[in-house]
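A short write-up of the structure that comes next.
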Amino acid sequence: MGKIHHEVGSTEYNVWYKALNDFTEKEFIEGVKAVPDHIGYLDLPAFRSLIRMTKSHKSHRYLALEKPKNLLSGEELRARIAEMRKNLDI
């Protein structure tokens, strides 16, 4: 909406509110952080495309490495390695 905003509850405010309601709070905040780099007038379609550019696609979640569960402590890990070396005669 440029550097000027409309009053809360006004028609223009409600249009923006409903049009941006499908984004999460995190996605919205990332879009707001990207606004200073935007060149030109910031209308609703431009802001929506800016938010879409900053959010990662859901398919990227499948490529992300997950944190291993049930990690061993350092002592347990060394003990298991020692046991494997003993079993393998290394």
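Here is how the numbers come out for the structure above:
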| quantity | calculated |
| --- | --- |
| Matching residues in the stretch 32-43 - criterion: being hydrophobic (A, V, I, L, M, F, W, C) and in contact (Cβ under 8 Å) with a residue 12 or more places away in the chain | Ala34, Val35, Leu42 |
| Cβ-Cβ under 9 Å pairs, at least 6 apart or on other chains, the stretch 9-31 side farther than 17 Å from Arg52 by Cβ and without any contact (Cβ under 8 Å) to a residue 40 or more places away in the chain, far side exposed (fewer than 12 other Cβ atoms within 10 Å of the Cβ) and among the acidic types (Asp, Glu) | Tyr13/Glu7 |
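Residue by residue, here is whether (1) among the hydroxyl-bearing types (Ser, Thr, Tyr); (2) loosely packed, with under 10 Cβ neighbours inside 10 Å; (3) touching a strand residue (DSSP E or B) at 6+ places or on another chain (Cβ under 8 Å); (4) at pLDDT 90 or above holds:
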site: Asn14; (1), (2), (3), (4): no, no, no, no
site: Thr24; (1), (2), (3), (4): yes, no, no, no
site: Ile29; (1), (2), (3), (4): no, no, no, no
site: His38; (1), (2), (3), (4): no, no, no, no
site: His60; (1), (2), (3), (4): no, yes, no, no
site: Pro68; (1), (2), (3), (4): no, yes, no, no
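The values are calculated or read from the model by the stated rules, or taken from the named source; none is laboratory data. Just so you know, these numbers come straight off a predicted model, no measurement behind them. Glycine gets a Cβ as well: all are built from the backbone with ideal geometry, and neighbour counts include every protein chain shown.
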